[in-house]
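Structure first, then comments.
The values are calculated or read from the model by the stated rules, or taken from the named source; none is laboratory data. This one's a predicted model, so the numbers in the text were calculated from it and none came from an experiment. Every residue, glycine among them, receives a Cβ derived from its backbone with ideal geometry; neighbour counts consider all protein chains shown. With ligands, DNA and RNA removed, areas are computed over all heavy atoms of the protein, side chains included. Shrake-Rupley method; radii C 1.70, N 1.55, O 1.52, S 1.80 Å.
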Amino acid sequence: MTRIAVAGASGLIGSALVRSLTADGHDVVRLVRRVPRARDEVRWDPRRMRVDTAGLEGCEAIVNFAAAGVGDRRWTAAYKRELHDSRVLGTTALAEAAASLATPPRVFLNGSAVGYYGDTGSRVVDESAPAGEGFLPSLCVEWEAATAAAHQAGIRTVLARTGLVVARRGGAWGRLFPLFRAGLGGRLGDGRQYWSFIALDDHVAALRFLLDAESMSGPVNLTAPDPATNREVTSTMARVLHRPAVLNVPEFALRAVLGEMAGDVLGSTRAVPTRLLESGFDFQHPTLESAIEAA
(Lines give C-alpha, C1' and ligand atoms only; values in the text may rest on other atoms or scores of the structure.)
Protein backbone atom coordinates (compact mmCIF):
# COMPACT_ATOMS: atom_id res chain seq x y z
CA MET A 1 0.00 0.00 0.00
CA THR A 2 1.18 3.53 -0.71
CA ARG A 3 -1.48 5.95 0.56
CA ILE A 4 -2.97 5.32 4.00
CA ALA A 5 -5.29 7.52 6.08
CA VAL A 6 -4.96 7.46 9.87
CA ALA A 7 -7.46 8.89 12.37
CA GLY A 8 -6.10 9.27 15.89
CA ALA A 9 -2.64 9.97 14.46
CA SER A 10 -1.58 11.98 17.53
CA GLY A 11 -2.37 9.22 20.03
CA LEU A 12 -0.08 6.54 21.41
CA ILE A 13 -0.86 3.89 18.79
CA GLY A 14 -1.64 6.21 15.89
CA SER A 15 1.56 8.25 16.19
CA ALA A 16 3.71 5.10 16.41
CA LEU A 17 1.97 3.65 13.34
CA VAL A 18 2.44 6.89 11.37
CA ARG A 19 6.17 6.93 12.20
CA SER A 20 6.51 3.33 11.06
CA LEU A 21 4.63 3.88 7.79
CA THR A 22 6.38 7.10 6.83
CA ALA A 23 9.78 5.59 7.62
CA ASP A 24 9.02 2.95 4.98
CA GLY A 25 8.00 5.55 2.40
CA HIS A 26 4.23 5.29 2.59
CA ASP A 27 2.11 8.39 1.94
CA VAL A 28 0.20 8.91 5.19
CA VAL A 29 -2.86 11.14 5.41
CA ARG A 30 -3.65 12.32 8.95
CA LEU A 31 -7.22 13.22 9.89
CA VAL A 32 -7.40 16.36 12.04
CA ARG A 33 -10.26 18.23 13.74
CA ARG A 34 -8.87 21.71 12.97
CA VAL A 35 -8.22 23.53 9.71
CA PRO A 36 -5.48 21.54 7.90
CA ARG A 37 -2.05 23.17 7.99
CA ALA A 38 -0.13 20.68 5.87
CA ARG A 39 -0.69 18.80 2.63
CA ASP A 40 -0.90 15.47 4.48
CA GLU A 41 -3.83 16.60 6.67
CA VAL A 42 -7.55 16.05 6.03
CA ARG A 43 -10.23 17.65 8.16
CA TRP A 44 -12.97 15.72 9.90
CA ASP A 45 -15.44 16.35 12.71
CA PRO A 46 -16.31 13.03 14.38
CA ARG A 47 -18.95 14.57 16.66
CA ARG A 48 -20.85 15.98 13.69
CA MET A 49 -19.95 12.91 11.61
CA ARG A 50 -18.38 14.98 8.86
CA VAL A 51 -15.37 13.91 6.79
CA ASP A 52 -13.65 15.67 3.89
CA THR A 53 -13.98 12.66 1.62
CA ALA A 54 -12.09 14.38 -1.22
CA GLY A 55 -8.95 14.11 0.88
CA LEU A 56 -9.41 10.35 1.22
CA GLU A 57 -9.57 9.62 -2.49
CA GLY A 58 -6.77 7.32 -3.52
CA CYS A 59 -6.25 5.86 -0.03
CA GLU A 60 -5.82 2.12 -0.11
CA ALA A 61 -6.42 1.83 3.64
CA ILE A 62 -8.15 3.78 6.39
CA VAL A 63 -7.03 3.19 9.98
CA ASN A 64 -9.08 4.53 12.88
CA PHE A 65 -7.77 4.73 16.45
CA ALA A 66 -9.43 8.03 17.37
CA ALA A 67 -11.20 7.78 20.73
CA ALA A 68 -11.30 9.41 24.17
CA GLY A 69 -9.12 7.61 26.72
CA VAL A 70 -10.98 5.14 28.93
CA GLY A 71 -8.76 5.93 31.91
CA ASP A 72 -8.38 9.67 31.37
CA ARG A 73 -11.18 10.73 33.72
CA ARG A 74 -13.64 9.40 36.27
CA TRP A 75 -16.62 7.80 34.56
CA THR A 76 -19.29 10.43 35.09
CA ALA A 77 -22.42 10.24 32.97
CA ALA A 78 -21.01 13.01 30.77
CA TYR A 79 -17.66 11.29 30.27
CA LYS A 80 -19.28 7.95 29.50
CA ARG A 81 -21.17 9.77 26.75
CA GLU A 82 -17.84 11.16 25.50
CA LEU A 83 -16.33 7.67 25.49
CA HIS A 84 -19.30 6.43 23.49
CA ASP A 85 -19.58 9.26 20.98
CA SER A 86 -15.86 9.53 20.26
CA ARG A 87 -15.88 5.87 19.23
CA VAL A 88 -19.28 5.22 17.70
CA LEU A 89 -19.92 8.50 15.90
CA GLY A 90 -16.37 8.81 14.59
CA THR A 91 -16.24 5.22 13.38
CA THR A 92 -19.63 5.51 11.68
CA ALA A 93 -18.52 8.69 9.90
CA LEU A 94 -15.30 7.12 8.61
CA ALA A 95 -16.96 3.86 7.58
CA GLU A 96 -19.62 5.75 5.63
CA ALA A 97 -16.97 7.99 4.08
CA ALA A 98 -14.95 4.95 3.01
CA ALA A 99 -18.02 3.34 1.44
CA SER A 100 -18.88 6.53 -0.48
CA LEU A 101 -15.52 6.90 -2.25
CA ALA A 102 -15.37 6.42 -6.00
CA THR A 103 -12.60 3.92 -5.40
CA PRO A 104 -13.07 2.54 -1.87
CA PRO A 105 -10.02 1.52 0.16
CA ARG A 106 -8.99 -2.11 0.19
CA VAL A 107 -9.13 -2.28 3.98
CA PHE A 108 -10.77 -0.45 6.88
CA LEU A 109 -8.84 -1.17 10.10
CA ASN A 110 -10.72 0.00 13.15
CA GLY A 111 -9.75 0.09 16.81
CA SER A 112 -11.55 -1.93 19.45
CA ALA A 113 -10.49 -3.39 22.79
CA VAL A 114 -10.31 -6.63 24.74
CA GLY A 115 -12.79 -4.90 27.03
CA TYR A 116 -15.26 -6.52 24.63
CA TYR A 117 -14.99 -9.75 26.66
CA GLY A 118 -15.63 -8.17 30.06
CA ASP A 119 -14.43 -9.88 33.23
CA THR A 120 -13.43 -13.43 32.26
CA GLY A 121 -11.65 -14.33 35.50
CA SER A 122 -9.01 -16.97 34.82
CA ARG A 123 -10.84 -18.27 31.72
CA VAL A 124 -8.87 -17.89 28.48
CA VAL A 125 -10.81 -16.18 25.67
CA ASP A 126 -10.03 -15.65 22.02
CA GLU A 127 -11.86 -13.99 19.14
CA SER A 128 -14.59 -16.65 19.15
CA ALA A 129 -15.77 -15.67 22.65
CA PRO A 130 -19.00 -13.69 23.07
CA ALA A 131 -19.20 -10.17 24.45
CA GLY A 132 -19.26 -9.75 28.20
CA GLU A 133 -21.61 -7.66 30.31
CA GLY A 134 -21.22 -4.10 31.53
CA PHE A 135 -20.39 -0.68 30.17
CA LEU A 136 -17.13 -1.48 28.38
CA PRO A 137 -18.33 -4.65 26.63
CA SER A 138 -21.49 -2.87 25.48
CA LEU A 139 -19.41 0.06 24.26
CA CYS A 140 -17.11 -2.25 22.29
CA VAL A 141 -20.08 -3.99 20.68
CA GLU A 142 -21.44 -0.65 19.44
CA TRP A 143 -17.96 0.49 18.41
CA GLU A 144 -17.44 -2.56 16.22
CA ALA A 145 -20.95 -2.41 14.81
CA ALA A 146 -20.29 1.17 13.69
CA THR A 147 -18.03 -0.20 10.92
CA ALA A 148 -21.07 -1.72 9.18
CA ALA A 149 -21.09 0.66 6.19
CA ALA A 150 -17.55 -0.30 5.21
CA HIS A 151 -18.23 -4.00 5.58
CA GLN A 152 -21.45 -3.79 3.59
CA ALA A 153 -19.61 -1.94 0.80
CA GLY A 154 -17.32 -4.94 0.41
CA ILE A 155 -14.31 -3.34 2.09
CA ARG A 156 -12.21 -5.78 4.10
CA THR A 157 -12.91 -4.67 7.67
CA VAL A 158 -10.62 -5.56 10.57
CA LEU A 159 -11.48 -4.97 14.24
CA ALA A 160 -8.29 -4.62 16.29
CA ARG A 161 -9.19 -5.64 19.85
CA THR A 162 -6.28 -4.08 21.69
CA GLY A 163 -4.98 -5.02 25.12
CA LEU A 164 -2.94 -2.82 27.47
CA VAL A 165 -0.10 -1.36 25.42
CA VAL A 166 3.28 -1.47 27.13
CA ALA A 167 4.92 1.86 26.27
CA ARG A 168 7.26 4.18 28.09
CA ARG A 169 4.90 7.12 27.62
CA GLY A 170 1.17 7.17 27.02
CA GLY A 171 -1.61 4.75 27.89
CA ALA A 172 -1.94 2.83 31.12
CA TRP A 173 1.70 1.71 31.22
CA GLY A 174 2.90 5.26 30.71
CA ARG A 175 1.38 6.00 34.10
CA LEU A 176 2.86 2.94 35.75
CA PHE A 177 6.49 3.62 34.85
CA PRO A 178 6.86 6.89 36.88
CA LEU A 179 5.21 5.27 39.91
CA PHE A 180 7.46 2.23 39.86
CA ARG A 181 10.58 4.32 39.19
CA ALA A 182 9.72 6.31 42.32
CA GLY A 183 9.29 3.11 44.33
CA LEU A 184 5.54 3.69 44.61
CA GLY A 185 4.39 0.74 42.51
CA GLY A 186 2.31 -2.04 43.97
CA ARG A 187 -0.43 -4.58 43.56
CA LEU A 188 -3.97 -3.43 42.76
CA GLY A 189 -6.61 -5.25 44.77
CA ASP A 190 -5.70 -8.91 45.28
CA GLY A 191 -3.53 -8.86 42.15
CA ARG A 192 -5.09 -12.01 40.69
CA GLN A 193 -6.74 -10.22 37.79
CA TYR A 194 -5.26 -10.92 34.35
CA TRP A 195 -3.94 -8.09 32.20
CA SER A 196 -3.81 -8.76 28.47
CA PHE A 197 -0.80 -6.72 27.35
CA ILE A 198 1.16 -6.09 24.16
CA ALA A 199 4.43 -4.26 23.48
CA LEU A 200 3.97 -1.10 21.42
CA ASP A 201 6.41 -2.35 18.77
CA ASP A 202 4.44 -5.59 18.43
CA HIS A 203 1.18 -3.67 18.21
CA VAL A 204 2.45 -1.56 15.33
CA ALA A 205 3.91 -4.61 13.61
CA ALA A 206 0.57 -6.41 13.98
CA LEU A 207 -1.28 -3.47 12.45
CA ARG A 208 1.13 -3.44 9.52
CA PHE A 209 0.59 -7.18 9.17
CA LEU A 210 -3.19 -6.79 9.18
CA LEU A 211 -3.09 -4.04 6.57
CA ASP A 212 -1.46 -6.46 4.13
CA ALA A 213 -3.04 -9.79 5.13
CA GLU A 214 -5.85 -10.13 2.60
CA SER A 215 -7.31 -13.15 4.41
CA MET A 216 -7.75 -11.32 7.73
CA SER A 217 -11.03 -9.60 8.55
CA GLY A 218 -13.33 -9.29 11.54
CA PRO A 219 -12.07 -9.28 15.15
CA VAL A 220 -8.39 -9.85 15.90
CA ASN A 221 -6.94 -9.76 19.42
CA LEU A 222 -3.84 -7.60 19.60
CA THR A 223 -2.35 -9.02 22.78
CA ALA A 224 0.78 -10.97 23.69
CA PRO A 225 0.36 -14.77 23.82
CA ASP A 226 0.54 -15.06 27.63
CA PRO A 227 -1.50 -12.55 29.66
CA ALA A 228 -0.06 -11.78 33.10
CA THR A 229 -1.71 -11.26 36.46
CA ASN A 230 -1.41 -7.93 38.19
CA ARG A 231 0.82 -9.66 40.76
CA GLU A 232 3.14 -10.72 37.94
CA VAL A 233 3.07 -7.23 36.45
CA THR A 234 4.03 -5.76 39.83
CA SER A 235 6.91 -8.14 40.47
CA THR A 236 8.23 -7.90 36.90
CA MET A 237 8.14 -4.10 36.86
CA ALA A 238 10.02 -4.03 40.16
CA ARG A 239 12.63 -6.47 38.89
CA VAL A 240 13.23 -4.75 35.54
CA LEU A 241 13.36 -1.26 37.06
CA HIS A 242 15.32 -2.38 40.16
CA ARG A 243 12.83 -0.76 42.50
CA PRO A 244 10.83 -2.04 45.47
CA ALA A 245 7.10 -2.61 44.95
CA VAL A 246 5.67 -3.21 48.39
CA LEU A 247 2.70 -0.85 48.33
CA ASN A 248 -0.71 -2.43 47.76
CA VAL A 249 -3.86 -0.53 46.85
CA PRO A 250 -6.89 -2.23 48.41
CA GLU A 251 -10.07 -2.71 46.43
CA PHE A 252 -12.15 -0.34 48.58
CA ALA A 253 -9.65 2.48 47.98
CA LEU A 254 -9.72 1.96 44.22
CA ARG A 255 -13.49 2.03 44.21
CA ALA A 256 -13.55 5.18 46.32
CA VAL A 257 -11.15 7.00 44.00
CA LEU A 258 -12.12 5.62 40.61
CA GLY A 259 -15.82 4.94 41.03
CA GLU A 260 -17.32 2.71 38.33
CA MET A 261 -14.01 2.57 36.45
CA ALA A 262 -12.53 0.54 39.34
CA GLY A 263 -14.47 -2.45 38.06
CA ASP A 264 -12.41 -2.35 34.88
CA VAL A 265 -9.12 -2.00 36.80
CA LEU A 266 -9.98 -4.90 39.11
CA GLY A 267 -11.59 -7.00 36.40
CA SER A 268 -9.73 -9.85 34.74
CA THR A 269 -9.48 -10.35 30.98
CA ARG A 270 -7.31 -13.26 29.84
CA ALA A 271 -7.45 -12.71 26.08
CA VAL A 272 -5.09 -14.49 23.68
CA PRO A 273 -4.24 -13.67 20.02
CA THR A 274 -5.36 -16.92 18.42
CA ARG A 275 -5.95 -15.48 14.96
CA LEU A 276 -2.60 -13.67 14.82
CA LEU A 277 -0.73 -16.78 15.92
CA GLU A 278 -2.58 -19.01 13.45
CA SER A 279 -1.79 -16.56 10.64
CA GLY A 280 1.93 -16.80 11.34
CA PHE A 281 2.50 -13.42 12.99
CA ASP A 282 5.78 -13.38 14.92
CA PHE A 283 5.86 -11.51 18.24
CA GLN A 284 9.18 -9.81 19.00
CA HIS A 285 8.26 -9.33 22.67
CA PRO A 286 5.98 -12.23 23.61
CA THR A 287 6.75 -12.14 27.35
CA LEU A 288 5.91 -9.50 29.90
CA GLU A 289 9.55 -8.99 30.86
CA SER A 290 10.59 -8.54 27.24
CA ALA A 291 7.78 -6.04 26.62
CA ILE A 292 8.71 -3.98 29.69
CA GLU A 293 12.42 -4.04 28.83
CA ALA A 294 11.61 -2.89 25.28
CA ALA A 295 9.59 0.04 26.64
#### Entry: Which listed residue, of Ala67, Ala78, is of a type outside the set (D, E, K, R) and buried (at least 19 other Cβ atoms within 10 Å of the Cβ)
Ala67
### Query
Given the conditions (1) assigned to a helix (DSSP H, G or I); (2) closer than 22 Å to Ala54 by Cβ, which single one is not true for Asn110?
(1)
### Summary
A careful count of residues in region 81-91 that are open to solvent by less than 30 Å² (accessible area, probe 1.4 Å) and farther than 29 Å from Asp212 by Cα gives 2
### Task
Pairs only if they're at least six apart or on different chains, beta carbon under 8 angstrom, first in region 9-36 and closer than 21 Å to Gly171 by Cβ, second among the polar types (S, T, N, Q) and open to solvent by less than 20 Å² (accessible area, probe 1.4 Å); list them, first residue then second.
Ile13/Thr162
### Summary
Filtering region 100-122 for residues that are more than 18 Å from Leu164 (Cβ to Cβ) and either surrounded by fewer than 19 Cβ atoms within 10 Å (Cβ to Cβ) or of a type in the set (Asp, Glu) (or both) leaves a count of 5
### Summary
Note on Leu94: of the conditions (1) open to solvent by less than 70 Å² (accessible area, probe 1.4 Å); (2) within 30 Å of Leu176 (Cβ to Cβ); (3) hydrophobic (A, V, I, L, M, F, W, C); (4) not in a loop (DSSP other than H, G, I, E, B), unmet is (2)
